[in-house]
Structure formats: C-alpha cells, structure tokens
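Heads up, the thing below is written out as structure tokens.
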Amino acid sequence: AAVSAFAAVDLGATSGRVIVGRVGREHLELSEAHRFPNTPVRLPTGLHWNLPGLLQGVLDGLRAAGASGSPIASVGIDTWAVDYGLLDADGALLGLPFHYRDSRTAGVAEKVRDAVGAQRLYAANGLQHLPFNTVFQLAAAQGSAQLAAARTLLLVPDLITYWLTGSIGAEFTNASTTGLLDARNGTWSADLAARAGLDPALLPPLRDPGTSAGTLLPYAAAATALPQATSVTAVASHDTASAVVAVPATERGAAYISCGTWSLAGLELDAPVLSEASRTANFTNERGVDGTVRYLRNIMGLWLLEECRRVWAARGLPTDLERLLDEASRAEPFAALVDPDAPEFLAPADMPAAIADHCARTGQRPPQSPGGVVRCIMESLALAHRRVLRRAAMLADREITHIHLVGGGSRNELLCRLTADATGLPVIAGPTEATALGNVLVQARAQGLVGDLADMRSLVARTQHLRRYEPDPGRARAWDAAAARLGTS
Ligand code: LRH
C-alpha cells in the first residue's frame, strides 16, 4: 500500500528535532532525521531564544529528512506556545524573541488584570492566568522602541514558517495561547488588544491547521536540497495541540496528560468552559483542531527534574536518569511534598535549593539525597495530576474513566505508576512522540491520507506502542492522606 513521507519540525524548550513520518492506511512510523540543542541566550536585555540558530537547525534537519530516502510530501512546524518575534516594516526580525521564563513579566499580569478586570479578561479569552501569556509579555514591552517599530507579530512556529516561505499568518491553535483570541468565536479580539494597549494591526490573519502556508523560498530550497515546490503545511503549531491530536483516545471518559517540560492535564471538549469556578480554578481553554477545546491546566512538569539534573551535573553529581528514578522508586514514600506550580519553581537558578526551601517553609524535612528529591518531584507531580484532573471533571461535568499520558514523560515508569495510584485510574502511557505524530497526521490529512480526529487517533492506537498501568487500590488511602496534607482532595 502507498506510504507518504512528511517532515515534522518540533522545537522544544531544550532541543529541536526534525522527524520523518511515514503514513499509510495501516502505517504510521517516525524516524528522527536530526536533533539539535535549543540553548537560550542571556543578553543584557534578558533571556532570549536563539532563533537564527534554531532556523539553522531546522534547515540542517530538513536537508537530513530529504536525504532519508523518501520524497518529502510536505513540512510542518510546531513549537512551544506564547513566545513571538516582531517584524519591522521591511519584514526583518526586531531583536531575538524573549524566552517565556524571562523575568520581565513579573507583576505585569496583575496590572493588566486590574486594568481589564480579571473576570472580563477570562470571559473574553478563557485563558489560565500564566505570567508569560503573550498578552502580558506585550504589556511588559509597552513603550519600547522595538514594539513601536513593530508592524507584525509572529509566534515562533509562524516566524520559522515565514522564514521558510515568506508567507505571513497566525496559526489558530497557537494563536489561542496569546490571550488575544476571543474564546467564544475564535477570532482575534480587537477589543482585548486595545485594552492591553496593543495595535491590532500587528496580528496577522489567522490560518487553520491543515491549510497550506506556502512553498520554500529559493534560499531555503537551496539550504535543504528540497524541491522549491515543497509545501509547508500549517499544522497544529502549538506543540500541545499537536500532542493532543495523537492522544489515542477512543472513548468519552478519556482524560490526557501531555507530559514533558510541562504537564498539560485536562480534557478535550466541544466548547469552552468560561464559568467563574473555572476562572478561579485557573483552567485554560486553548483551541485544538476541528473546533475542539483543550480544557486543561499547566502543571510545572518534568522541568523540575530536568533543572535538578542540570544543577547536579554542574556540581559533578551523577545525573543518569535511570539511576535517579531507580533511587527514587526505593526512597521513602511521601517524605516531602511540594506544590509544583508554586511561582518560585518557574525559573529558579538552583532548583534543588528551591525545593529544599519550599519544604522547609512548609514545615517538612527537605529530601537529603538526589533520589529523595526525585521522589518528592514525582509524587508531587502525581498529586498535581490528580488534583487537576479531578477539578477538570467537576468543572466540565465529565466523568473520567482513564488517563492517556503522552509525551516524553510516558517513558517514566515511576511517574506513570504514581499517577495511576494517585488518581485511582488506569494510565495508558504513550505514544512518547505524540507531538511529532500529531504534526505528521495533520499534514497527512491535508493530503487526504487520513480522515477525522477519530480516524487519526485510531491509527495511532493501532500502530503505536502503548503501556497500561492499573492503579493499586491498596495505595488509595495513602494517596488520599498525601493529598490532604497539601490541603486538597
Ligand atoms: C509546552 C507548551 C505549553 C505552554 C508552554 C509555554 O511545550 O507549549 O503548552 O503553556 O509550552
């Protein structure tokens, strides 16, 4: 049977990859063509992404993809959300985009919320309050020469697309993370922009996932050795939106956790939940493909672990993941628990110290060994998964019968097992490469190779390796007690 090949560019917070996906009727298979580090740069102006470096990695990766044996039918790009570059009137990039963990947004969101009104803001954009939502980043840039010179705002995947094709647009799923999209009708809100002091003319026309975003510019064709006619398809360019496309859910009772640097835990809905209870619980309504809503909360995720490993490596301590997780699995249960979403964990210079401080402040003995720290992180994340999914079920009036845990975290057996035990629900782990699969599937659909969301998910379920973790009922009481210790249920 016919199989077509697509290139998925997936940029994450620590690395970028170009992956070749081969799709046929009963066939869905990925292979990594190129991986490169994504190293943020600190300048006097703050913490930035090295976008030109990332573009080079993308070009190298596309060249490798093209050399991998199959003709590349199209290219799709996804990255993390919210961050953007500004173009001047000539279409040139004005400075390096800021990293969402840059501290310049501290206190800004509160000001915007006070000016607009927290309830009005949520009613309008339906977004979880995160200090780095694009609208708050732009508010922090108010009055800068850069913003004054800007004519166009492009989110990171749209900027890469623009650099590859010359075509300007704002892909819809990622646009929904800016805080400038109207939650009810899914169009840019000139009113929100005006209230945030922004010129709505900066916001490019929206484009839907699955539509074409042009073909390669001559320089890009030359750099990648791909035909100039190679089309760049707008995929669900928000990585989480792509990951949720590839959640192999076939039943209504499914919840998902897209677990990597962040844990994004929630439900797929047909319509946003904009209630006051949802606002105070800080749930977000991001947009997915085909009119779906990603009703979820950001949980700080494996960032806590990765940052500990980075700090330990700098001190010459062992950082082998297998070994750390093995030590964690043998460490004392529930010795110390933290709220992973506490603001001090967003960008600390020293994560192990931040965790120790948090424990001390909450009257707990800080974990004494790396294994103990990792145990604390894993149990705290499992409890956060439990808390968020129980809340989501209540707020959206849905019963959750099982959890799909996708992304890099699905390889973490300890986290999967603890999440099953903490929630009392089966966890179906995998696919690990959900984001790249979602990216490839939306491209394949644009070529008519697969059908609707249900079709794509069933293909994922049939072809990808999944592993099921049953909750241990004998542990339920202990988890209830642990949740109670954090003041939640
Ligand atoms: C995950 C993610 C998440 C956003 C964050 C900035 O990579 O896109 O959905 O909230 O990065």
Looking only at the range 254-293, and only at residues there that are within 16 Å of the ligand (Cβ to nearest atom) and without any contact (Cβ under 8 Å) to a residue 40 or more places away in the chain, the one that is surrounded by the fewest Cβ atoms within 10 Å (Cβ to Cβ): GLU268
When you go through (1) farther than 30 Å from GLY197 by Cβ; (2) within 16 Å of the ligand (Cβ to nearest atom); (3) not aliphatic (A, V, I, L, M) one by one for GLN128, which number turns out not to apply? (1)
Any pair with Cβ under 9 angstrom, 6 or more apart, that starts in the range 1-14 at a residue that is within 20 Å of ASP239 (Cα to Cα) and part of a strand (DSSP E or B) and ends at one that is within 14 Å of the ligand (Cβ to nearest atom) and of a type in the set (Lys, Arg): ALA8/ARG17; VAL9/ARG17; ASP10/ARG17; LEU11/ARG17
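Can you list the helices (runs of 4 or more DSSP H) found entirely within the range 352-448 that contain at least 3 residues being within 28 Å of PHE172 (Cβ to Cβ)?
The helices (runs of 4 or more DSSP H) meeting that bar are 370-396, 434-446.
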Is it the case that some residue within the range 81-89 is buried (at least 16 other Cβ atoms within 10 Å of the Cβ), among the acidic types (Asp, Glu) and more than 16 Å from the ligand (Cβ to nearest atom)? no
Output the residues belonging to the range 344-384 that are without any contact (Cβ under 8 Å) to a residue 12 or more places away in the chain and either within 21 Å of GLY107 (Cβ to Cβ) or in contact with a helix residue (DSSP H, G or I) (Cβ under 7 Å, 6 or more places away or on another chain) (or both). ALA349, ALA354
State yes or no: is ALA313 of a type outside the set (D, E, K, R), over 23 Å from ALA243 (Cα atoms) and in contact with a Leu (Cβ under 7 Å, 6 or more places away or on another chain)? no
Cβ-Cβ under 6 Å pairs, at least 6 apart or on other chains, the range 420-447 side acidic (Asp, Glu), far side assigned to a loop (DSSP other than H, G, I, E, B): ASP421/PRO471; ASP421/ASP472
Can you run down the residue pairs with Cβ atoms below 6 Å, 6 or more apart or on separate chains, where the first is in the range 310-325 and at pLDDT 95 or above and the partner is β-branched (Val, Ile, Thr) and surrounded by 10 or more Cβ atoms within 10 Å (Cβ to Cβ)? TRP312/THR319; ALA313/THR319; LEU324/VAL374
Sort out which residues of the range 102-117 are surrounded by fewer than 16 Cβ atoms within 10 Å (Cβ to Cβ) and either in contact (Cβ under 8 Å) with a residue 60 or more places away in the chain or in contact with a Phe, Trp or Tyr (Cβ under 6 Å, 6 or more places away or on another chain) (or both), and write them in order of number. SER103, ALA115
In the range 221-247, residue surrounded by the fewest Cβ atoms within 10 Å (Cβ to Cβ) [restricted to those that are more than 16 Å from the ligand (Cβ to nearest atom) and part of a loop (DSSP other than H, G, I, E, B)]: ALA229
Residue among GLU307, GLU286, GLU251 that alone is in a strand (DSSP E or B) and not aliphatic (A, V, I, L, M): GLU286
Of the residues in the range 61-111, those that are farther than 30 Å from VAL440 by Cβ and among the acidic types (Asp, Glu) come to ASP88, ASP90, ASP102, GLU110
Considering only helices (runs of 4 or more DSSP H) wholly within the range 127-211, the ones with at least 3 residues that are more than 26 Å from GLY266 (Cβ to Cβ), touching a residue at least 40 places away in the same chain (Cβ under 8 Å) and in contact with a Lys or Arg (Cβ under 7 Å, 6 or more places away or on another chain) are none
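The values are calculated or read from the model by the stated rules, or taken from the named source; none is laboratory data. Worth saying up front: this structure is predicted, and the values here are computed from it rather than measured. Every residue, glycine among them, receives a Cβ derived from its backbone with ideal geometry; neighbour counts consider all protein chains shown.
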